[in-house]
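Undergrad: Starting off with a structure, shown below.
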Amino acid sequence: MSDNLRKPLVAGNWKMNGNLALVAEFNHALASLNVNAEVVVCAPSSLLHGFETGSFSIGAQNVSHLDNGAHTGELSVDLLKEAGCGYAIVGHSERREDQNESSELVALKAKKCVSAGIVPIICVGEPLEVREADSVEAFVSKQLAALVDTLSVDELSKTVIAYEPIWAIGTGKTASPEQAQDVHEFIRSYFSKVDAQLAQGLRILYGGSVKPDNAETLFAQKDVDGGLIGGASLKAEDFISICQAAN
Ligand code: 13P
């Protein structure tokens, strides 16, 4: 993370976990957090109203690509803004799989976020069989192509990319720092073909079994600008030490 252009970002993804007691615990534990990184907690939307932000921001885990209207069960960017969200995760592999979200839909969601001043944290990453077949770059390129087709350079500059290899999510099998760096460098070079300045400024997070004991070496990689943290973001103490590793 040698490039001063890019402020590190650490985002916790609580997924479908947590409760108001955990929100209160985080409010207390993070109140005096003072790190040289942006810190975001992406909790279930039903809990967002309980956070006392200041030293950290809050984000959603999904968003609709549509405006307010007759879309039962969905949350628009307007609703998320009113709930205080500065960020929204889009295209997490669990949603790409469980809800059949296509890269095109993910791109529309990202575009909608940018239009409302919400920073989309756009997830990409390959399943194990793709890595074993040595096709990671081709797979990730397809996910990125949908973004480049849908968002302008200016819009892309207001996004964050998260590389989350699916085989590393919730498995305890973290990508090695070299594996992470290789894909991050590839992602940055992909965007540099679109616009060199965009690529230089774009923050690319790593996600997949980031823990307090491996965060520092992952974040030390040249093209790793922080992390998207699942399991370890549910324990305030672990999450704080990961935020400190991004300093
Ligand atoms: P884990 O940190 O639990 O592997 O989850 C990563 C993730 O999916 C974050 O979005």
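The values are calculated or read from the model by the stated rules, or taken from the named source; none is laboratory data. Given the structure is predicted, the values throughout are model-derived calculations rather than measurements. Virtual Cβ from ideal backbone geometry, glycine too; neighbours counted across all protein chains shown. Heavy atoms of the whole protein, side chains included, go into the accessibility calculation; ligands, DNA and RNA do not. Shrake-Rupley method; radii C 1.70, N 1.55, O 1.52, S 1.80 Å.
Undergrad: Can you give me the Cα centroid spacing of region 50-76 and region 161-210 in angstrom?
TA: If we compute the Cα centre of each part, the gap is 25 Å.
Undergrad: Something else now. Normalise the Debye intensity by I(0) for region 82-204, one equal point scatterer per Cα, no solvent, then take log10 at q = 0.14, 0.16, 0.18, 0.20 Å⁻¹ and round to two decimals.
TA: Treating every Cα as an identical point scatterer, log10 I(q)/I(0) equals -0.58, -0.76, -0.96, -1.17.
Undergrad: Have a look at region 1-110 and give its Rg and Dmax from the Cα atoms, expressed in angstrom.
TA: My reading of the Cα-based Rg and Dmax gives 15.0, 47 Å.
Undergrad: While we're looking at this one, here's another question. Size of the dipole of region 125-204 about the Cα centre, Lys and Arg at +1 and Asp and Glu at -1 on the beta carbon, nothing else charged, in debye to 20?
TA: Roughly 200 debye for region 125-204.
Undergrad: While we're here: Listed highest first by mean packing, meaning other Cβ atoms within 10 Å per residue, what order do 238-244, 75-81, 26-32 come in?
TA: Descending packing order for the listed peptides: 238-244, 75-81, 26-32.
Undergrad: Dividing the Cα convex hull volume of the chain by residue count, how many Å³ per residue is that?
TA: 113
Undergrad: If R0 is 25 Å, what FRET efficiency do you get for ASN247 and ALA83 from their C-beta distance, rounded to 0.05?
TA: After rounding to 0.05, the efficiency reads 0.30.
Undergrad: Test of understanding: extend the Cα→C-beta vector of THR217 to 7 Å, then name every residue of region 150-191 with backbone N under 16 Å from that spot.
TA: 172-182
Undergrad: Let me ask another. Using a simple spin-label model with points 7 Å from Cα along the Cα→Cβ vector, what separation in nm is obtained for LEU128 and ASN100?
TA: With each label placed 7 Å out from Cα toward Cβ, I get 2.6 nm.
Undergrad: Then there is this: Can you give the extra length, in nm with one decimal, that the chain gains between ASN19 and VAL153 once fully stretched, where that is 0.36 nm per residue apart less the Cα-Cα distance?
TA: 44.4 nm
Undergrad: Within the chain, what whole-number % of the accessible surface is contributed by carbon and sulfur, with the 1.4 Å probe and all protein chains included in the calculation?
TA: Result for the chain: 49 percent of the exposed heavy-atom area is carbon or sulfur.
Undergrad: Past 19 Å, Cα to Cα, is the threshold; run LYS7/LYS222; LYS109/LYS211; LYS109/LYS142; LYS15/LYS222; LYS7/LYS158 against it and keep the listed order.
TA: LYS109/LYS211; LYS15/LYS222
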